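**Student:** Quick one: the structure is below, questions incoming.
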Amino acid sequence: MSADTLFRHPCRFVLGVAKLSGLPPATLPEIAMAGRSNVGKSSLINALLGRHDLARASNTPGRTRELNYFELDERFYLVDMPGYGYAKAPKSEIKSWQGLIKDYLRGRAPLKRVFMLIDSRHGVKEADIETMDLLDEVAMSYQVILTKTDKLSRHEEREAVIAETLKYLAKRAAAHPEVIATSSETGYGMSELREAILAAWEGR
């Protein structure tokens, strides 16, 4: 089965998890989507699945406050993680989300890979580096996905952002060596991202 075909299969929201005790049974592989708030995670998930409203996109950064589980064709979970770096919420609540993210990344056995989303217009930021440090520390495989590349004015800009991002990843033990550029608006890079998710699910 091709990746594009797989992602046309039924997908449903299963649950939102605010505490590790609420995680579903570890019966299916998990693929997580991480990124700074307002990086476009929800829009990317909807574009991947050819849906408009499965993952709720918002103009308010930091709206995703739980680990949101989506089950694809009863084969694996896509996990939309809380955005890091910014949120309009009490500090105690933000600290709780950060703790949830760290505990999930450290100890979730079915988690196959984290796809780390970075806004192509802004490149790698300090919050991204902190997350990379954590992923390297816990030896969790991750791959960087550049979002919103349709906002770049020239092809050369996109290639420059990819090259600069690869510099950050070159010496990182857990980082996948390939960066995928995408646009949720135009569909650019979606087939490549689906293939990468399928490969991670299958352990390739």
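**Student:** Can you list the helices (runs of 4 or more DSSP H) found entirely within the range 103-204 that contain at least 1 residues being under 30 Å from Ser21 (Cβ atoms)? Walk me through it before giving the result.
**Tutor:** Values: elements: 126-137, 155-169, 190-201.
Passing ranges, in order: 126-137, 190-201.
**Student:** Continuing with this model, one more query. Sort out which residues of the range 60-108 are more than 22 Å from Leu49 (Cβ to Cβ), in contact with a helix residue (DSSP H, G or I) (Cβ under 6 Å, 6 or more places away or on another chain) and modelled with pLDDT under 85, and write them in order of number.
**Tutor:** Within the range 60-108, Tyr84, Gly85, Ala87 meet the criteria.
**Student:** Exactly one of these conditions fails for Tyr142: (1) modelled with pLDDT of 95 or more; (2) under 19 Å from Leu105 (Cα atoms); (3) surrounded by fewer than 19 Cβ atoms within 10 Å (Cβ to Cβ). Give me its number.
**Tutor:** Unmet for Tyr142, out of (1) modelled with pLDDT of 95 or more; (2) under 19 Å from Leu105 (Cα atoms); (3) surrounded by fewer than 19 Cβ atoms within 10 Å (Cβ to Cβ): (3).
**Student:** OK, next. Would you pick out the residues in the range 1-31 that are in a strand (DSSP E or B) and among the small types (Gly, Ala, Ser)? Explain how you work it out, then say what you get.
**Tutor:** To start, the set of residues in the range 1-31 that are in a strand (DSSP E or B) comprises 11-17, 30-31.
The answer is Gly16, and nothing else.
**Student:** Look through Val161, Val138, Val179 and report the one residue that is farther than 24 Å from Pro82 by Cα and not aromatic (Phe, Trp, Tyr). I'd like the intermediate steps shown before the answer.
**Tutor:** Numbers: Val138 fails: farther than 24 Å from Pro82 by Cα; Val179 fails: farther than 24 Å from Pro82 by Cα.
Matching residue, one of Val161, Val138, Val179: Val161.
**Student:** Of the residues that make up the range 150-171, is at least one in contact with a Phe, Trp or Tyr (Cβ under 6 Å, 6 or more places away or on another chain) and surrounded by 18 or more Cβ atoms within 10 Å (Cβ to Cβ)? Show your work before the answer.
**Tutor:** Filtering the range 150-171 for residues in contact with a Phe, Trp or Tyr (Cβ under 6 Å, 6 or more places away or on another chain) gives none.
Checking the range 150-171: not a single residue is in contact with a Phe, Trp or Tyr (Cβ under 6 Å, 6 or more places away or on another chain) and surrounded by 18 or more Cβ atoms within 10 Å (Cβ to Cβ).
**Student:** Take Arg121 and decide whether it is within 18 Å of Val179 (Cα to Cα), open to solvent by 10 Å² or more (accessible area, probe 1.4 Å) and under 12 Å from the mean Cα position of the chain (by Cα).
**Tutor:** Values: within 18 Å of Val179 (Cα to Cα): yes; open to solvent by 10 Å² or more (accessible area, probe 1.4 Å): yes; under 12 Å from the mean Cα position of the chain (by Cα): no.
Here the answer is no, as Arg121 does not meet what is asked.
**Student:** Let me ask you something else. Open to solvent by 10 Å² or more (accessible area, probe 1.4 Å), out of contact with any Leu (no Cβ under 9 Å at 6 or more places or on another chain) and in contact (Cβ under 8 Å) with a residue 12 or more places away in the chain: is that true of Ser191 in this structure? Spell out the reasoning first.
**Tutor:** Numbers: open to solvent by 10 Å² or more (accessible area, probe 1.4 Å): yes; out of contact with any Leu (no Cβ under 9 Å at 6 or more places or on another chain): yes; in contact (Cβ under 8 Å) with a residue 12 or more places away in the chain: yes.
Judged against the criteria, Ser191 is a match.
**Student:** Only residues in the range 116-143 that are among the charged types (D, E, K, R) count as the first member; pair them with residues that are open to solvent by less than 10 Å² (accessible area, probe 1.4 Å) and at pLDDT 90 or above, Cβ under 7 angstrom, at least 6 apart or cross-chain, and list the lot.
**Tutor:** What qualifies is Asp119/Val39; Asp119/Thr147; Asp128/Ile118.
**Student:** Oh, and also: Taking the range 17-42 as the search range and keeping residues that are of a type in the set (Gly, Ala, Ser), in contact (Cβ under 8 Å) with a residue 40 or more places away in the chain and within 13 Å of Thr147 (Cβ to Cβ), which one is surrounded by the fewest Cβ atoms within 10 Å (Cβ to Cβ)? Lay out the reasoning, then the answer.
**Tutor:** So the first thing to find is which residues in the range 17-42 are of a type in the set (Gly, Ala, Ser), and the list is 18, 21-22, 26, 32, 34-35, 37, 40, 42.
From what is left, the residues that are in contact (Cβ under 8 Å) with a residue 40 or more places away in the chain are 18, 26, 32, 34-35, 37, 40.
Checking which are within 13 Å of Thr147 (Cβ to Cβ) leaves us with 34-35, 37, 40.
On the way: Ala34: 26, Gly35: 28, Ser37: 19, Gly40: 23.
It comes out as Ser37.
The values are calculated or read from the model by the stated rules, or taken from the named source; none is laboratory data. Because the structure is predicted, anything quoted here is derived from the model rather than measured. In this analysis, Cβ positions are derived from the backbone assuming ideal geometry, glycine residues included, and neighbour counts consider all displayed protein chains. The protein model used for the area step is the full one, side chains on, heavy atoms only, and it has no ligands, DNA or RNA in it. Shrake-Rupley method; radii C 1.70, N 1.55, O 1.52, S 1.80 Å.
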